Amino acid sequence: MTTQSPPRRVLVLAHTGRTDARDVARACVQALTTQGIAVRLLEDEAADLGLEPCDGLLEVTRHDDAPGEGCELVLVIGGDGSILRAAELTRETSTPLLGVNLGHVGFLAEAEQDHVDSTISSIVDRDYTAEDRLTLDVRVLVGNDEKFATFALNEASVEKAARERMLEVVVEVDGRPLSRWGCDGVVCATPTGSTAYNFSAGGPVVWPEVEALLMVPLSAHALFARPMVVAPTSVLAVEVLSNTEGSGVLWCDGRRTVDLPPGARIEVRRGARPVRLARLQQAPFTDRLVAKFDLPVEGWRGAAERRRRDGGESDA
């Protein structure tokens with residue numbers, strides 16, 4: 001008696017507001033279903049792509065139906081914002097996310113648009129690995145009441161709500177007050193998010209396998225306002241002073257937001273559930289930094305060395 005293996009299924013999420021993303025998504029759906037892999041789409045994206053269920057290989061579901069359930073992979077077509085959206089939709093199922101970058105830097109994405117064919121081949125052959133990325137669990141307290149709770153893959157940022165008013169905050173680490181800042185805000189980030197908002201704010205780049213939490217002040221008027229890297233077991237807190245004239249706003253991954261009245265307290269700790277990212281290559285993170293940021297590893301300081309290597313003229 002033979003046991004039939006369960007059908008393979010991939011969830012495809014695309015930034016369907018872009019023409020190139022729609023074209024790539026249709027090509028991926030066709031390539032996967034041709035290989036006998038069932039594809040699941042969200043109903044609004046299926047409509048945008050002009051696709052309907054066919055031969056049991058194309059499924060359509062709603063956003064609130066745990067779309068990643070039963071899928072071996074989530075293929076995300078777009079930029080980093082699309083991958084953050086995918087993490088939000090599929091976090092409860094821990095389904096690995098594989099991004100095809102159609103954005104600018106695309107730091108979270110594993111493949112570029114020019115490599116779609118080889119990416120599909122890797123999916124068909126199961127030639128990929130998955131790595132866990134540390135996340136943040138974030139909650140907002142007003143008094144003793146929890147007003148909001150969510151997660152973040154990149155960062156949780158507390159920011160001033162009005163341009164003309166500075167935000168007055170006290171920051172804590174592990175229940176102990178550290179400093180009081182008048183500032184534009186505070187970014188609490190993961191190593192994955194160290195190349196996102198944290199990077200723009202002057203925070204350190206942290207290799208993703210390092211387990212740590214990061215805190216970076218934004219334009220703080222203070223003698224001590226340095227970026228900080230703390231243990232992954234630490235609890236970070238930002239409290240909006242009750243006598244501040246301005247209010248704040250919390251953004252998580254630039255997607256989930258809540259207003260912060262004076263007196264609000266934001267607590268950030270390591271997330272209970274990581275996000276899994278699929279990897280096609282085992283290239284060092286250093287290579288990814290160089291490629292994504294187009295870092296000048298060769299330049300005028302290496303000219304003489306290149307001439308010697310290539311057999312050209314030697315130094316005088």
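Observations on the structure shown:
- Of the whole protein surface, Lys147 contributes about 130 Å² of accessible area at a 1.4 Å probe radius.
- The spacing between the range 139-205 and the range 101-135, judged by their C-alpha centroids, is 30 Å.
- For the range 176-256, size of Cβ-based charge dipole, Lys and Arg +1, Asp and Glu -1, in debye: 80 debye
- Of Ala87, Ala21, Ala272, the one that fluctuates the most in a GNM where the chain has Cα springs shorter than 10 Å: Ala272
- Simple spin-label estimate for Arg308 and Asp132 in nanometres, 7 Å along Cα-Cβ: 4.7 nm
- Overall size of the range 1-117 from C-alpha positions, given as principal axis extents largest first: 52, 28, 27 Å.
- Computed over the range 55-151, the range of Cα coordinates on each principal axis works out to 54, 35, 21 Å, biggest value leading.
- Between Glu43 and Ala162, the contour length at 0.36 nm per residue exceeds the Cα-Cα span by 39.1 nm.
- Sparse packing (at most 14 other Cβ atoms within 10 Å of the Cβ) combined with a DSSP loop state is found for the following GluC sites (Glu not before Pro) in the range 69-149: Glu69.
- Area accessible to solvent at Phe107, 1.4 Å probe radius, in Å²: 20 Å²
- Estimated FRET transfer efficiency (Leu295, Arg139; beta-carbon r; R0 35 Å; 0.05): 0.40
- Taking only protein heavy atoms and a 1.4 Å probe, the accessible area of the range 1-121 is 47% carbon and sulfur.
- Net charge, Ala161 excluded, C-beta distance under 15 Å - Lys, Arg +1, Asp, Glu -1: -3
- Rounded to the nearest 10 Å², the accessible area of Leu241 at probe 1.4 Å: 30 Å²
- Axial C-alpha extent at least 18 Å, average Kyte-Doolittle at least -0.5 - helices from the chain (DSSP): 19-34
- Calculated FRET efficiency for the pair Asn243/Asp117, C-beta based, R₀ 51 Å, to 0.05: 0.25
- Choice from Ala291, Ala46, Ala109 with maximal GNM fluctuation in the chain (Cα, 10 Å cutoff): Ala291
- Most mobile listed residue (Met228, Met215, Met166) in the chain, GNM with C-alpha springs under 10 Å: Met228
- Loop-located trypsin sites (Lys or Arg not before Pro) in the range 213-281 (DSSP state other than H, G, I, E, B) with a sparse environment of at most 15 neighbouring Cβ atoms within 10 Å: Arg255.
- When DSSP beta bridges are restricted to pairs lying wholly in the chain, around 75% turn out antiparallel.
- Compactness ratio for the range 90-220: Cα radius of gyration over 2.2 N^0.38 Å (N = residue count) comes to 1.30.
The values are calculated or read from the model by the stated rules, or taken from the named source; none is laboratory data. Everything quoted here is computed from the prediction, not taken from an experiment. Glycine gets a Cβ as well: all are built from the backbone with ideal geometry, and neighbour counts include every protein chain shown. Quick note on the areas: whole protein, heavy atoms, side chains included, nothing else; ligands and nucleic acids left out. Shrake-Rupley method; radii C 1.70, N 1.55, O 1.52, S 1.80 Å.
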